[in-house]
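K.L.:
Sending over a structure as C-alpha cells; questions will come in a sec.
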Amino acid sequence: MRNIVDCVNAFLPLLNTEYELVLGRKGVAVTLHLTFDKKDCFHLMGLQYLIDRPELKKDRRKVFDDLPH
C-alpha cells in the first residue's frame, strides 16, 4: 500500500466479511471465526506506533472514521 487512503480503501470491503475456518485432525475439530472491525485497521496499518500524534489517542473506531477515504 502506498498511503493511508489506499489502506483504508482496501480495508473497507472487509468490514462486512466473516470467515469461518474449521481445522481438524484425528477426530478433533476447532472452529476459527475471523471478523473485521474498524478498530482492526488501526493496528494493521501500524498506527499504534505513532505515539507522538495525540489525535490517535481516541477510540480506534473514531480514528478510522476520521481517516480520508
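The values are calculated or read from the model by the stated rules, or taken from the named source; none is laboratory data. Computed from a prediction, not measured in an experiment: that's the story for all the values here. Here Cβ is always computed from backbone atoms with ideal geometry, including for glycine, and neighbour counts include all displayed protein chains. Only protein heavy atoms, including side chains, enter the accessible area calculation; ligands, DNA and RNA are left aside. Shrake-Rupley method; radii C 1.70, N 1.55, O 1.52, S 1.80 Å.
K.L.:
Mind grabbing the accessible area of Asp59 for me, 1.4 Å probe, Å², rounded to tens?
P.N.:
70
K.L.:
Would you calculate the separation in nanometres between label points at Arg25 and Ala10, each defined as 7 Å from the Cα along the Cα-to-beta-carbon direction?
P.N.:
Output for this residue pair reads 3.1 nm.
K.L.:
Can you tell me the accessible area per residue over the chain, all protein chains present, probe 1.4 angstrom, in square angstrom?
P.N.:
79
K.L.:
Quick one, can you get me the convex hull of the C-alpha atoms of the stretch 27-69 expressed as volume per residue in Å³?
P.N.:
Considering the Cα atoms of the stretch 27-69, their hull volume per residue is 102 Å³.
K.L.:
Here's another thing I want to ask about it. Starting from the chain, pick out the trypsin sites (Lys or Arg not before Pro) whose DSSP state is loop and whose Cβ has at most 12 other Cβ atoms within 10 Å.
P.N.:
Arg2, Lys26, Lys57, Lys58
K.L.:
Report, in deg cm²/dmol and to the nearest 500, the calculated mean residue ellipticity at 222 nm for the chain, where each DSSP H run with n ≥ 4 adds -39500 (n - 2.57) and the sum is divided by the residue count.
P.N.:
After summing the helix terms and dividing by residue count, I get -8000 deg cm²/dmol.
K.L.:
Using a 1.4 Å probe, how large is the accessible area of Leu32, given in Å² and rounded to the nearest 10?
P.N.:
70
K.L.:
Computing the accessible area with a 1.4 Å probe over protein heavy atoms, can you report the carbon and sulfur percentage for the chain?
P.N.:
55
K.L.:
Gain in length, Leu32 to Leu44, computed as 0.36 nm per residue apart minus the alpha-carbon separation, to one decimal in nm?
P.N.:
Full extension of this stretch gives 2.4 nm more.
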